[in-house]
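Data first, discussion second: the structure below is written as structure tokens.
The values are calculated or read from the model by the stated rules, or taken from the named source; none is laboratory data. Since this is a predicted model, take the numbers as computed values, not measurements. Positions of Cβ are backbone-derived with ideal geometry, glycine not excepted, and every protein chain shown enters the neighbour counts.
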Amino acid sequence: MKVSVYLGTRFAAAMLAATALLQTGCERADDGDPPPDANAVSNAPPVTSVELTGDQLNSVKIAPVGTYRFPVEREAVGTVYFDEEPGTVQAESTLLGAAAAEEVASNVLARARKLVGPNGVSKAELEQDISTEETDAAALKAARDAVRALGEADDDIDQMIAAGRIEAEQGGQGRPKWVLASVAESDSPLLQPGQPVQVKVTAFPGRIFKGTVSKIYATIDPNTHRLSVRCQVGDPGDKLRVGMLATVVVQVSKPVDAIAIPVNGIVREGDGAMTAWVTADRRHFTQRIVKTGLREDGEVEVLAGLKKGELAVTDGAIFLDNMLQAPVDD
């Protein structure tokens, strides 16, 4: 086995340290060799290279660096519902009740103000009507805030109050089905209504139920730091059942075409750095630090460190990495 290793940066640091020791009068370990030229060493390439010969080449696979289309998705855990999420129904019902009460109180107050006087409504009655109207107005505001916190826009709330009823959202085939997903707080800025979702349940392995994001709730659970997202899901075969645990994958943006390399071409070093190996002649291999991103179906997005068309090790990178730990043959 023949291994050629070049550690320019570390070797330069060692030589500079040795020179400093000599300048302070410390005893040299080897009196026969002059100190190296620090400037010359610092110009050496700060890379690590390995040369493979014979059967060693069979331990790696090499291919040009290409691109891969990565879907930009986020995964969450969800629960299947048939109807509207119960908490939403309660909040919207409270809103409609508060709106009706506030309207009645407002009409009574307007009439009392017209009839106030010696032969009509007394001042005490007027003050009572004012107090009732203010109380009902405050209750309506609280109910609006509660529904807004569940993800409803002000325009939708106004339409609901004007209609005096909760408009059921219809979609898919047959009775609408819902999945309430719990999304990580860090992913919340990426979510928007209408984004495509794919739902999987353990009862039907391999089957995907397609749907869309219907509602994004406005509050984060302070205990779990997760956001609730309601998704409308099509179920033509009527297979989903209330309470089923689901895996929800939300497509948060269009797929990304990016430089990529198979996962077996990437090695995580002990210091956490990610490295890959490139070659120009399929015999001498140079290790590079790379920055990685998305992962999908065995492919890893490379954000920096590799160029499209370069020859890189696509399988066996760990073999090259291990060779660096082996003793060098004389």
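Quick notes on this one:
- Counted residues, the range 210-219 - those being at pLDDT below 90 and surrounded by fewer than 17 Cβ atoms within 10 Å (Cβ to Cβ): 2
- Checked against (1) modelled with pLDDT of 50 or more; (2) under 30 Å from residue 302 (Cα atoms); (3) surrounded by fewer than 17 Cβ atoms within 10 Å (Cβ to Cβ), residue 46 meets all criteria but (1).
- The residues in the range 277-318 that are in contact with a Gly (Cβ under 9 Å, 6 or more places away or on another chain) and not aliphatic (A, V, I, L, M) can be counted, and the count is 10.
- Of all residues in the range 113-136 being at pLDDT 85 or above and of a type in the set (Gly, Ala, Ser), the one that is surrounded by the fewest Cβ atoms within 10 Å (Cβ to Cβ): 124
- Of the strands (runs of 3 or more DSSP E) entirely within the range 224-289, those holding at least 3 residues that are more than 18 Å from residue 197 (Cβ to Cβ) and free of Cβ contacts under 8 Å to residues at least 60 places away in the same chain occupy 274-279.
- Flag if residue 276 is surrounded by fewer than 18 Cβ atoms within 10 Å (Cβ to Cβ), among the hydrophobic types (A, V, I, L, M, F, W, C) and out of contact with any Pro (no Cβ under 7 Å at 6 or more places or on another chain): no
- A single entry from 247, 275, 279 fulfils the requirement of being of a type in the set (S, T, N, Q), at pLDDT 90 or above and farther than 20 Å from residue 59 by Cα: 247.
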